[in-house]
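The values are calculated or read from the model by the stated rules, or taken from the named source; none is laboratory data. As the structure is a computational prediction, the values presented were derived from the model and not from experiment. Cβ placement follows ideal geometry from the backbone for every residue including glycine, while neighbour counts extend to all protein chains displayed.
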Amino acid sequence: MITALAFLLTLAILIVVHEYGHYRVAVACGVKVLRFSVGFGKVVWRHQKSPAHTEFVLSALPLGGYVRMLDEREGPVGPQELSQAFNRKPLRHRAAIVAAGPLANLLLAVLLYASSHWLGVDEPKAVLGSPVAGSLAERAGLRAGDWVQAWQDDDGQWTDVRSLNDLRWHLTQHLMAGRPLPLQVSDADGRGNRQVRLALDELGTQQMDAELMKRIGLGAAYSEPVMGEVKAGGPAAAAGLRQGDRVLRVDGQPVADAQALRERIRAVVHDGQSRAMAWRVQRAGQEVELAVTPRIVRDGERSIGRVDAFIGAPPAMVTVQLGPIEGLQQGALRTWEVSSLTVRMIGRMLIGEASLRNLSGPLTIADVAGQSAQQGLAYYLGFLALVSVSLGVLNLLPLPMLDGGHLMYYIFEGLTGRPVSDQWLARLQRGGVAVLLLMMSVALFNDVARLLGLH
């Protein structure tokens, strides 16, 4: 229920803002707006102050919206209203009206990102768990418990890393640009500063998925190898493990963090057989030796070990909260960065340098909307900003049926002094519909594949 409500609220906000951008600028340019609709299909709610005013409607299918303006190309216009017709307006006015929708989405994103920063978000501190074996992070010298404090830009300037999420964002940007990412790290207490270099330029970005992130190998936030709730009757309980036990060594090898311990448990199964593991744990100031034999479970195509206990203490958290001016600046900067990243990703997909699996559709949006709504208002505002940027950028693409396609028509008209012919408009519209249907089909297929675990 929360997922459905969050998804519908997301659509409603983004559609209303987008169409309001068109509506507001149309009115400012002296164009008569006949209808402002949220949704398509059968009208379920209508409000109109008088026949001379705009009709505001809510329709049954809430997957878009439109603003219908007075236009001689869509029907007869009385002589007294010709000055209010869209097609009679100067080119600069028509272009401004069309561009206003996507720009409204981008402006909304700035305000949403700023609001999220103003409210403050609790995020994991940029203290790293065990890097994946053989990954870029391991080869760069990163290890469990390293605290990433800053990253270096192309001009050699160091910028503070606010949180693990902030680090992942900069990592994604450098990965898309094919640039290495220099980092300044220390131990968890801030001692022993040193510099490392993630060689992201050695990786391709054909598909930005879990497998690529595994090759980078930063992993999750650092978590102490402490036992949480122990399930009665499971291998951990049978071995005598208790909640609060801190695992020091397994089979004589030190345990770096909870992630490393979980990996050792999973990897204990060989040839369909599990074995006893020698654990040394710290309990109430004393060290205790225990023999733990994980049970065998299936995980896809392979067998892994489980001990039926929660492993790992909650990661250290930091509150990322900014003041009014800095929050607004960061909102504008993040909107620009996400817009640029989106355009680059679309460009790479078009030329085959990035996989079409990166496209997401309504099912993924609905799922993430529900998750972010459950995490709190600040998280949901950040998600809403991300989708608003995506909608704004998508609508500015030079495809017929989209606002960007209409802007391309106006550029042609401005350069040649004449509008695109009706014959070419019809051809381009058909091509635009085909491209959009193809994109929607791929996005929906990716959604279903992710839900089924195929991606």
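The condition (being of a type in the set (A, V, I, L, M, F, W, C) and in contact with a helix residue (DSSP H, G or I) (Cβ under 8 Å, 6 or more places away or on another chain)) is satisfied by just one residue among Val307, Val269, Val281: Val307.
Identify all residues within segment 199-226 that are among the polar types (S, T, N, Q) and at pLDDT below 85; write none if there are none. Those that are among the polar types (S, T, N, Q) and at pLDDT below 85: Thr205, Gln206, Gln207. The set of residues from segment 151-185 being small (Gly, Ala, Ser) and more than 23 Å from Glu224 (Cα to Cα) comprises Gly156, Ala177, Gly178. Counting only helices (runs of 4 or more DSSP H) wholly contained in segment 196-285, the ones carrying 3 or more residues that are in the same structural domain as Ala137 (by TED's automatic domain parsing) and surrounded by 14 or more Cβ atoms within 10 Å (Cβ to Cβ) occupy 210-216. Within segment 289-312, the set of residues being assigned to a loop (DSSP other than H, G, I, E, B) and at pLDDT below 90 comprises Gly300, Glu301.
Filtering segment 87-97 to residues that are surrounded by fewer than 24 Cβ atoms within 10 Å (Cβ to Cβ) and either in a helix (DSSP H, G or I) or modelled with pLDDT under 90 (or both) leaves Asn87, Arg88, Leu91, Arg92, His93, Arg94, Ala95, Ala96. Looking at Gly347, Gly331, which one is touching a helix residue (DSSP H, G or I) at 6+ places or on another chain (Cβ under 7 Å), in a helix (DSSP H, G or I) and outside the structural domain of Gly145 (by TED's automatic domain parsing)? Exactly one of Gly347, Gly331 is touching a helix residue (DSSP H, G or I) at 6+ places or on another chain (Cβ under 7 Å), in a helix (DSSP H, G or I) and outside the structural domain of Gly145 (by TED's automatic domain parsing), namely Gly331. If you scan segment 41-58, which residues turn out to be hydroxyl-bearing (Ser, Thr, Tyr) and at pLDDT below 90? Across segment 41-58, the qualifying residue is only Ser50. Consider segment 397-455 and keep the residues that are of a type in the set (Val, Ile, Thr) and modelled with pLDDT of 75 or more. The one that is surrounded by the most Cβ atoms within 10 Å (Cβ to Cβ) is Val420. Among the numbered criteria (1) aliphatic (A, V, I, L, M); (2) within 30 Å of Gly382 (Cβ to Cβ); (3) not assigned by TED's automatic domain parsing to the domain that holds Gly404, which single criterion is violated by Val57? Val57 satisfies all of (1) aliphatic (A, V, I, L, M); (2) within 30 Å of Gly382 (Cβ to Cβ); (3) not assigned by TED's automatic domain parsing to the domain that holds Gly404 except (2). Among the residues of segment 118-165, those identified as surrounded by fewer than 21 Cβ atoms within 10 Å (Cβ to Cβ) and β-branched (Val, Ile, Thr) are Val132, Thr159. Within segment 231-267, count every residue that is of a type in the set (S, T, N, Q) and either more than 13 Å from Ala278 (Cβ to Cβ) or modelled with pLDDT of 95 or more (or both). Final tally of qualifying residues: 2.
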